[in-house]
Amino acid sequence: MKYEEALSLLKKNSQEHILAHWKKLSASSRKALLEQIEAIDFKAVKRCQNVLSGKETVNAKKGKPIAPKVAELKGAARNKAIAAGEDELRNGRVAVLLVAGGQGSRLGFDGPKGAYSIGPITGAPLFAFHARKVLALSIRYATSIPFYVMTSEANYEATVEHFEENDYYGIPQDDVIFFKQGMWPAMTNDGKIVMDQIDHIFMSPDGHGGVISALKSTGCFADMRKRGIKSVFFFQVDNPLVEVADPAFIGYHVLNNSEYSLKLCAKREPTEGLGMVVKRDGHFDIIEYTEMTDEMNNRRTKNGELYFKYGSPAIHVFDRAFLEREASKAMPLHLAHKKIQYVNEKGEVVKPDAPNAYKFEKFIFDSLSDAKSVACMAFDRAEEFSPVKNAQGKDSPATCQADLQAKWRRQLKEAGITFPENMPIEIDPVYALDALDIKNTGIFLDCGI
Ligand code: UTP
């Protein structure tokens, strides 16, 4: 793109301030800035402006929210689901989809969050636990399980390098597919795109909901179709306890002919920051924790249990065809008011003390209300959920490592292995995914424990 073309495009979109410092720029800065301008989706920019000005609003949901039916699978029902899930896995119809494009700002780690070291003994990173579970399942079911990893523009290279350096954790390279989510500019209150340097437009990832359009634009849906994928297991990078493609969950999804299935866990406390699955007007929907009223958070059943008991930690199974259908729809845009470095009229870089601009994000669960069939399944959070969100305190590396060790201790005990109570423990998923694997492998007995 040439300067004149860029200027006319920007004028048409009232964004000509982007070229305000052109005369001061070097040839290479000019080239890079023109490339950035060319890459911007101005239709999306227009939508962002409409959201800011209130011209585009998320449709207010109608109807009284009620708690949905959540299956607590046990006994024969659980075995039936496991058999159906194992069949799906064995026949190569399952893909694993990890969204890892977030910025991890609360954790404050410099690099892709998946590279954060969490193994209590080996220091293995989050990615290792996820990838080794995919490998373990593909060995157990003698099948190939494609592992799709979404990154942002900012962490793509570092993520790919991380996997290369670690030999893809043993997964055949062709089965690890990296793809990039969209990036969007941020805007000030009056709809102007924020420059963070005189030659650079501030861009940020378009939210985990960006995964649907990215799967389409990067050819991943086509790849899934070619591989015969039907069920897509979706999860987030920060939870190393997650039971990746758990056969019971996959099977429950399949047996219910579900388009969108959710694993849900009992909230730790009424106000815990988990999305709340509700049903209203016959449709499923997720209410963000920030939108739950005190009354809703604290409502109790006759038995004294929380009425809205289960929260969603974003562990899902999607029907692939449903995701493809959703890709042709525009998802709602959510605003986040943030402190974003900017360039003032004089060309000086300013680091604001208070939020000064808006980022725009899409959320995966906004597709829930479009699903024709939904299945909700409860799980025990001690076994499967302990995210690394913050550097310290709740949901931090320390709490996550303690929860990982507690889980492995339970597995060892269940497998009949005795060990000193305070002994540090770490289990590679490829050695054992569960207590039964530990019993069958016997590897710990060989270690003389
Ligand atoms: P979070 O909401 O925890 O955000 O993401 P984050 O960016 O990782 O962390 P903070 O809020 O800056 O501290 C939940 C999941 O969604 C992914 C993240 O990588 C994580 O797995 N995600 C989030 C994306 O893939 N892209 C995004 O644009 C946002």
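What follows is calculated from the coordinates using simple rules that are stated; it is not laboratory data. Keep in mind that what you see is a predicted model, and the values were worked out from it rather than measured. We place every Cβ from the backbone using ideal geometry, glycine too, and count neighbours over all the protein chains shown.
Annotations
- Compared with the alpha-carbon gap, the fully stretched path from L436 to R409 is longer by 8.4 nm at 0.36 nm per residue.
- For region 372-394 and region 47-118, distance of Cα centres in Å: 10
- Helix axis angle, 156-165 relative to the chain longest principal axis, alpha carbon, degrees: 40
- Converting phi to 3J(HN,Hα) with the Karplus coefficients 6.51, -1.76 and 1.60 and the offset θ = phi - 60°, region 134-148 yields 4, 4, 4, 5, 5, 6, 4, 9, 6, 8, 9, 10, x, 10, 8 Hz in sequence order, with x at every glycine or proline.
- In sequence order, calculated HN-Hα J values of region 99-115 (Karplus, 6.51, -1.76, 1.60; Hz; x Gly/Pro): 9, 9, x, x, 9, x, 5, 5, 6, x, 9, 8, x, x, 4, x, 8
- Using the Cβ-Cβ distance between A321 and D167 with R0 set to 41 Å, the FRET efficiency works out to roughly 0.75.
- Neighbour cut-off at most 15 other Cβ (10 Å), DSSP loop, GluC sites (Glu not before Pro), region 152-222: E153
- Given their separation in residues at 0.36 nm each and the Cα-Cα distance between them, N189 and K43 gain 50.7 nm when the chain is fully extended.
- Shown here is the pair-distance distribution of region 115-171: with all Cα-Cα distances grouped in 10 Å bins from zero up to the longest one, the shares run 22, 51, 26, 2 percent.
- Cut-off 11 Å between beta-carbons: net charge of the residues surrounding L241, Lys and Arg +1, Asp and Glu -1: -3
- In Hz, Karplus ³J(HN,Hα) per residue of region 196-208 (6.51, -1.76, 1.60; θ = phi - 60°; x = Gly, Pro): 9, 9, 5, 10, 8, 8, 5, 10, 9, x, 8, x, 5
- Kirkwood Rh and Cα Rg combined as Rg over Rh, evaluated for region 42-86: 1.43
- Averaging the Cα positions of each part gives two centres, and for region 305-370 and region 251-292 these lie 17 Å apart.
- Exceeding the 21 Å Cα-Cα cut-off - candidates K61/K359; K230/K407; K69/K267: K61/K359; K230/K407
- Amide H within-cut-off set for G119, under 5 Å, with H built and near neighbours excluded: A124
- Cubic angstrom per residue, convex hull over Cα atoms of region 175-277: 200
- Taking each residue as 0.36 nm, the span from K31 to D370 lengthens on full extension beyond its C-alpha to C-alpha distance by 117.8 nm.
- On Cα atoms only, tilt of 397-414 relative to the major axis of the chain in degrees: 20
- Based on alpha-carbon atoms, the Kirkwood radius and the radius of gyration of region 329-418 give Rg/Rh equal to 1.20.
- Label-point separation, R106 to A71 (7 Å along Cα→Cβ), nm: 3.0
- Model label points for N91 and I121, set 7 angstrom from Cα along the Cα-to-Cβ axis, are 4.0 nm apart.
- Descending by average beta-carbon neighbour count within 10 Å, the peptides 282-291, 121-130 line up as 121-130, 282-291, the highest first.
- Rg over Rh for the chain works out to 0.99, using Cα positions for both radii and the Kirkwood form for Rh.
- Put a dot 7 Å past the Cα of K24, heading toward its Cβ, do the same for A378, and the two dots end up 6.1 nm apart.
- Surrounding net charge for G282, when Lys and Arg each add one and Asp and Glu each subtract one, Cβ distance under 13 Å: +3
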